[in-house]
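Below you'll find the structure, written out as structure tokens, and then a few comments.
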Amino acid sequence: GVNLDKFTLKTSQTDGFQIGMSLGDMWWYKNHMGGLDIFTQLARTDQRWRLHIRGNHEGGDYNPLMYQYYLKSRGIEDKVNLYPWTDDMNGWYERIDYLLHPGMKEAFCYEVGEAMAKGIKPIVNDFFGSEAILPEWAKYQTHDQAIAMFGIRKSPESYRNWIQEHYSLAIIL
């Protein structure tokens, strides 16, 4: 379960255009390239959007080169920040307004739960099994649907309350 004592509602204010993707290792199932496609479309509609990715490239030399080429060729290299592993995810979430989770294979994703506990809106790919663990309002099936979900937010407390009612540490234990 999500430790609500550790992941409290956000206290820092942002401009409302900060997106996070927390991927761990950036491998195929995490679908980070799909997330970058969604972000690219958003950034082309409004230059204020920024993407914060917490993750590491898969092994080998090709993946970092592919990633850098993608950013440069789409003109978004100054809008995307890649962060290494951190033990302070609570602090990392403070910089974002939305958590984009484009993964294609998951169980319950703690990053989604932790972000919701912070009052951050999740935008999650409708992966196999998601109907059993996530609310419909948090999921998308196409990039266009994901893009339409940005800019529309409920109160921070509503995201936190959903996690508290379904996946808090107190309920799971």
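The values are calculated or read from the model by the stated rules, or taken from the named source; none is laboratory data. Keep in mind that this is a model prediction, so the values were computed, not measured. All Cβ positions, glycine included, derive from the backbone under ideal geometry; neighbour counts span all protein chains shown. The protein model used for the area step is the full one, side chains on, heavy atoms only, and it has no ligands, DNA or RNA in it. Shrake-Rupley method; radii C 1.70, N 1.55, O 1.52, S 1.80 Å.
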Report summary line: Accessible-area order for 19, 147, 152, largest to smallest, probe 1.4 angstrom, reads 152, 147, 19
**Report entry** Along each principal axis, Cα extent of the chain, largest first, Å
**Finding:** 46, 33, 30
Query raised in the report: Once phi is turned into ³J(HN,Hα) by the Karplus curve 6.51 cos²θ - 1.76 cosθ + 1.60 with θ = phi - 60°, what whole-Hz value does each residue of segment 152-162 show in order, with x for glycine and proline?
Result: 10, 10, 8, 5, x, 5, 5, 5, 4, 4, 4
Requested in this report: Would you mind checking 30/118; 72/139; 79/118; 10/79; 30/79 for any pair whose Cα atoms are more than 27 angstrom apart?
Outcome: 72/139
Report summary line: With all protein chains present, the chain has a carbon and sulfur share of its accessible area (1.4 Å probe) in percent of 52
**Report entry** Calculated from backbone phi, Karplus (6.51, -1.76, 1.60) coupling profile of segment 7-13 in Hz, x at Gly/Pro
**Finding:** 9, 8, 4, 4, 10, 8, 9
**Report entry** Solvent-accessible area of residue 12 with every protein chain in place, 1.4 Å probe, in Å² to the nearest 10
**Finding:** 50
Report summary line: Of the convex hull enclosing the alpha-carbon atoms of segment 98-173, the direction-averaged projected area in nm² is 4.7
Report summary line: D (µm²/s, integer) via Stokes-Einstein for segment 1-81, Kirkwood Rh across alpha-carbon pairs, 10 °C, 1.306 mPa s: value 112
Query raised in the report: How big is the C-alpha Rg of segment 59-107 next to the rule-of-thumb value 2.2 N^0.38 Å, as a ratio?
Result: 1.41
Query - Dipole magnitude of segment 1-93 about its Cα centre (Cβ charges: Lys, Arg +1; Asp, Glu -1), debye to nearest 20 - result: 280
Query raised in the report: What are the ³J(HN,Hα) values, in whole Hz, obtained from phi via the Karplus relation 6.51 cos²θ - 1.76 cosθ + 1.60 with θ = phi - 60°, for each residue of segment 100-105 in sequence order, with x given for Gly and Pro?
Result: 8, 10, x, x, 10, 9
Query raised in the report: What is the dipole size for segment 56-173, taken about its Cα centre, with +1 at each Lys and Arg Cβ and -1 at each Asp and Glu Cβ, in debye to the nearest 20?
Result: 300
Report summary line: Taking the alpha-carbon centre of each part, the distance from segment 12-52 to segment 113-140 in Å is 16
**Report entry** Solvent-accessible heavy-atom area per residue, rounded to whole Å², over the chain at 1.4 Å
**Finding:** 50
